[in-house]
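Everything below concerns the one structure shown next.
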Amino acid sequence: MKLLVFSAAVAVSLAQPLVAHADTFVEPSSGTSFEKHPASGASSFLCLGAGVRKYLLWKLYAMDFCVEDGRGRAEIDRYFSGPGRRYAGMKGSDLAKALADDQGFFDFLVAMPVEKRAELVFLRGGDADKAREGFSKNLERFLGSGDREKAAIRDFVSAIDRPVNSGDRAVFVSHPGAQLEFTFGANTRSLRHEKAERAFWGAYLGPDSPLGSMKEAVAQAVADLRSH
């Protein structure tokens, strides 16, 4: 599955560990910093990792993956007492590698009935129309291209109301059920569709993710949580 931003080409991802400082961490390949405990609305989140989307020699964007702090931790614990119980006795790098190699673990994260958040940092500038088109095509691929879907997607991507600059940040927040929010600058748009949440997160945590480095970072972060 190919998602964002200006090209549908296959990404090349390099997994690297996160470097933490105070309440932020740095994605080392790009040097992009993210909050470890960001807030959106009334919700506090726990960020589990970040990675970079690359195309050939270009770094297109960096992105993190966060879950609702309390409920997200509880769901992760539930994974190890349920579908991931075979990993319950593992720790450290062995656990991180096992999780990174198990797509079922990431499918569980996608399906968790908690709020999820991602911050996407553009590392290259681009035309607004191309950015909106990139979002629209991928959403239509998973949500459909009927009149209702097209109208909803067109409103959703209208949050991008100017050319994208390097360093710009976009925030995505999903709510259990069918709502996905997109904030770019001062603009926030919502997409309500029964497939919106799974389509969005499945693109980044699925088997064809353009962010393999983020998946490995998430697996390492969950392993670290189990060690504390």
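Rounded to the nearest 20 Debye, what is the dipole magnitude of the stretch 140-228 about its Cα centre when Lys and Arg each give +1 and Asp and Glu each give -1 at the C-beta?
For this selection, approximately 80 debye.
So how far, in whole Å, is the C-alpha centre of the stretch 30-86 from the one of the stretch 112-177?
Cα centroid to Cα centroid, the span is 18 Å.
Just the Cα atoms of the stretch 144-228: what Rg and Dmax do they give in Å?
15.5, 50
Relative to the Cα centre, what is the charge dipole magnitude of the chain, using +1 at the beta carbon of each Lys and Arg, -1 at the beta carbon of each Asp and Glu, and rounding to the nearest 20 debye?
Approximately 280 debye in magnitude.
With +1 assigned to the C-beta of every Lys and Arg and -1 to the C-beta of every Asp and Glu, and no other charges, what is the dipole magnitude of the stretch 129-180 about the Cα centre in debye, to the nearest 20?
On the way: 9 positive and 8 negative charges, 17 e Å.
Roughly 80 debye, rounded to the nearest 20.
For the chain, what does the helix formula give at 222 nm: sum of -39500 (n - 2.57) over DSSP H segments with n ≥ 4, over the residue count, nearest 500 deg cm²/dmol?
-11500 deg cm²/dmol
Go through Lys36/Lys130; Lys54/Lys195; Lys130/Lys215; Lys91/Lys215 and tell me which ones have a Cα-Cα distance over 23 Å in this structure.
Lys36/Lys130; Lys54/Lys195; Lys130/Lys215
Please work out how much length the chain gains when fully extended from Lys97 to Asp155, using 0.36 nm per residue of separation minus the C-alpha to C-alpha distance, in nm with one decimal.
Full-extension gain reported as 16.9 nm.
Tell me which label goes with the value of volume of the Cα convex hull per residue in Å³ computed from the coordinates here: [x] 133; [y] 123; [z] 114.
Given [x] 133; [y] 123; [z] 114, the calculated one carries the label [z].
Around Pro38, what is the net charge, scoring Lys/Arg as +1 and Asp/Glu as -1 over all other residues with Cβ under 13 Å from its Cβ?
Values: positive: Lys36, Lys116, Arg117, Arg169; negative: Asp23, Glu35, Asp64, Glu68, Asp69, Glu115, Glu119.
Net charge in that neighbourhood comes out at -3.
Angle, helix 147-157 long axis vs. longest principal axis of the chain, Cα atoms, 0 to 90°, nearest 10?
80
Read-outs throughout are calculated quantities, based only on the coordinates presented, and are distinct from any laboratory measurement. It should be emphasised that the depicted structure is a prediction, and the values quoted were computed from it without experimental measurement. No Cβ is skipped: glycine too gets one built from the backbone with ideal geometry, and neighbour counts run over all protein chains shown.
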